[in-house]
Structures are given as structure tokens and as C-alpha cells.
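Note sheet for the following structure.
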Amino acid sequence: MKTWLTIVMDDYSRAIAGFLLSTEAPSSINTALALRQAISRKEDPCWQICGIPQITYTDHGTDFMSIHIQQVCVNLKIRHFNSAVGRPQGRGKIERFFRTLNDTLLGILPGYCQNGKPFSKPKLTLTELNSAIKDFITSTYNQQIHRTIGVSPLQRWSEGFLPQMPDSFEELDLLLLYIQKPRKVQRDGICFHAMGYISIVLAAFVGETVTIRYDPNDLGEIRVYHQDNFLCKAVCQDFSDMTISLKEIKAARSSVKKDLFDQLRQSKAFIKGIIGKKDKLAHNCPGSA
């Protein structure tokens with residue numbers, strides 16, 4: 001099982017502010033989750049790094065360039081810059097951390113791979129690997145003297161720095177974990193991913209353009225906003241009593257499409273076989289004068 005690691009580093013102190021370990025490929029939601037941890041105050045007293053960054057600096061990965069992340073940066077007043085294409089030296093600080101992580105921790109853990117070949121049999125669960133990375137960040141990396149800055153990342157970060165915190169973590173979660181989309185209210189509610197969402201409140205806004213916010217891990221309901229003001233929660237009656245994710249819906253639709261294509265292929269092969277038999281019979285039939 002392949003794992004992906006997203007890291008948020010403070011450029012000034014080199015301290016790691018947040019991370020996310022996942023078995024899913026990098027995505028805007030995974031990036032948002034890592035950023036959420038970076039901004040939030042941690043329960044661990046050894047991990048003090050927190051606050052909303054003034055600037056983010058990333059490469060051109062689709063997870064960083066998504067509309068979702070761009071909206072997050074606009075709403076949190078974060079200036080977003082990208083490294084130059086084809087110039088990895090622009091990402092040297094974060095690349096150096098990954099090399100340190102590989103050399104110091106990951107390289108000695110069971111199941112470590114290099115060039116696609118594992119050195120040993122994997123034994124750690126995702127939870128165990130996540131704990132090992134967290135311990136390395138909080139107890140080793142952030143605490144040790146950094147050769148470039150001459151002090152530990154934690155000490156550098158703590159020197160007279162007052163982090164900017166969000167006014168409300170509920171609003172922060174809405175920004176980070178809920179994706180925004182514009183929609184027009186129809187007579188029968190709001191259509192989203194071919195599913196209908198209804199609420200009595202929407203009856204007064206038929207024909208109006210609204211903004212919906214949704215959790216891709218639970219499409220049972222959506223939040224509806226009109227001119228940045230919260231209107232209501234609209235529910236999908238088909239999924240109102242269950243939790244279903246966007247990923248599950250896409251997988252189900254792909255499965256249905258695959259079944260349909262298989263049926264079409266079988267039908268084409270069957271028809272082709274019948275036509276072939278008819279042609280063969282016609283060829284073998286004697287002609288009449």
C-alpha cells in the first residue's frame with residue numbers, strides 16, 4: 001500500500017507546522033487537512049507552531065493549484081506563490097526536510113522502498129507510521145539545532161513571534177474542509193452531481209444564484225449561501241439517513257458505466273457472430289438457375 005505525505009513548513013524557522021499521511025493521492029482536501037493542522041493549536045506542548053500564514057509557497061501540483069485551495073487563500077488573505085517550473089532548487093528547504101526524514105526515520109522502518117523496491121517486509125499500520133512521523137517532527141526535527149539557522153526550528157519560531165489565529169475554528173473548517181460551488185436554485189431545489197437537494201427555505205430563492213459548500217466525504221447535505229450569507233442546509237433525500245462520499249458516488253457511477261460497456265461489447269460480439277453465421281450459410285448455399 002503506497003502512502004503520501006503532505007508537509008507544511010514555516011519558511012522562516014524551518015519548523016514543521018502540520019502534515020497529513022494518507023493512502024490517497026495528493027488532493028485539495030488532503031492539502032486543506034494539512035493546512036488545518038498547521039493553523040490549529042496542538043494539544044502536544046512540544047508542538048507550539050500554529051497560526052495563519054501570510055504567504056504560501058508551493059509547486060504547480062494540481063492539489064495546490066485547485067480552485068478550492070485558491071478560495072481558501074483568498075478568504076484567509078494568504079498570498080500564494082509558486083516555484084518556477086523546472087527549478088527544484090526553489091523548493092530546496094522542503095526537499096531538504098524530506099531527505100532528512102528519509103535518511104533519519106523512514107529508511108530504518110520496515111517496508112521502506114527505494115526505486116520501487118522494498119528493503120524489508122512492511123509491518124507498520126498507517127496509524128503506527130503516522131505516530132512515528134509525528135514523534136520525529138515534534139521530538140527530533142523541531143527540537144534539534146538546524147545547521148543553517150544555528151538554533152532549533154522551535155526556538156527560532158518562538159522568538160517574539162505572535163501567530164495570527166482564526167476568529168472561529170468552525171468558520172475555518174467551513175473554508176478548508178468544505179468545497180464551494182455556484183448553483184442556481186430550481187423549483188425542485190438544487191441539483192448537484194445529478195442529485196436533488198431540498199429545503200423549505202429555498203422556495204423563496206427560486207431562480208437565484210447561490211453558493212453551496214459541501215463535504216466531499218459526506219454528500220448527505222450541503223450548506224447554502226446567498227451573497228455570502230448562510231441560508232440553510234439542504235438535504236438529499238436519497239442519502240439523508242446515511243453518509244456517502246463523493247468518491248463512493250463516482251466509484252458507483254464508474255461501476256455502472258463499466259457494466260453497460262461490458263453488456264454492449266457482449267451484444268456486439270453476439271450480433272457479429274450471428275451475422276458471420278448467416279454469411280457463411282449464404283456462401284455455402286448452392287445457387288439456383
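Quick note: the coordinates plus some simple rules give every number you see, no bench work behind them. Only a predicted model underlies this, so the values are computations on that prediction, with no experimental measurement involved. As a convention, Cβ positions derive from the backbone with ideal geometry for all residues, glycine included, and neighbour counts pool all protein chains shown.
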One point scatterer per Cα, no solvent, Debye formula: log10 I(q)/I(0) for the stretch 178-235 at q = 0.18, 0.21, 0.30 Å⁻¹ comes out as -0.49, -0.68, -1.50
From the Cα centre of the stretch 204-234 to that of the stretch 155-171, the distance in Å is 31 Å
Among the listed pairs K42/K77; K181/K258; K2/K181; K2/K77; K181/K233, give every one whose C-alpha distance is greater than 24 Å. K181/K258; K2/K181; K2/K77
Give me I190, I52 ranked fewest to most by other Cβ atoms within 10 Å of their Cβ, as a rough exposure proxy. I52, I190
Report the equivalent ellipsoid semi-axes for the stretch 4-169 in whole Å, largest first, defined as the square roots of five times the eigenvalues of the gyration tensor built from alpha carbon atoms. 25, 20, 17
Could you give me the ³J(HN,Hα) list for the stretch 215-226, computed from phi with Karplus coefficients 6.51, -1.76, 1.60 and θ = phi - 60°, whole Hz, x at Gly and Pro? 8, x, 8, 7, 9, x, 8, 10, 9, 10, 10, 10
Most exposed first, judged by fewest Cβ atoms within 10 angstrom, C236, C191 run C191, C236
Net charge, A234 excluded, C-beta distance under 9 Å - Lys, Arg +1, Asp, Glu -1: +1
Taking the Cα centre of each part, how many Å lie between the stretch 106-141 and the stretch 12-30? 16 Å
Contour minus end-to-end for I145 and D238, with contour as 0.36 nm per residue of separation and end-to-end as the Cα-Cα distance? 27.9 nm
Given 100-111, 211-222, 11-22, the highest-first ranking by average Cβ count within 10 Å works out to 11-22, 211-222, 100-111
Determine, for H68, H226, the number of other Cβ atoms within 10 Å of each Cβ, and report the residues in order from fewest to most. H226, H68
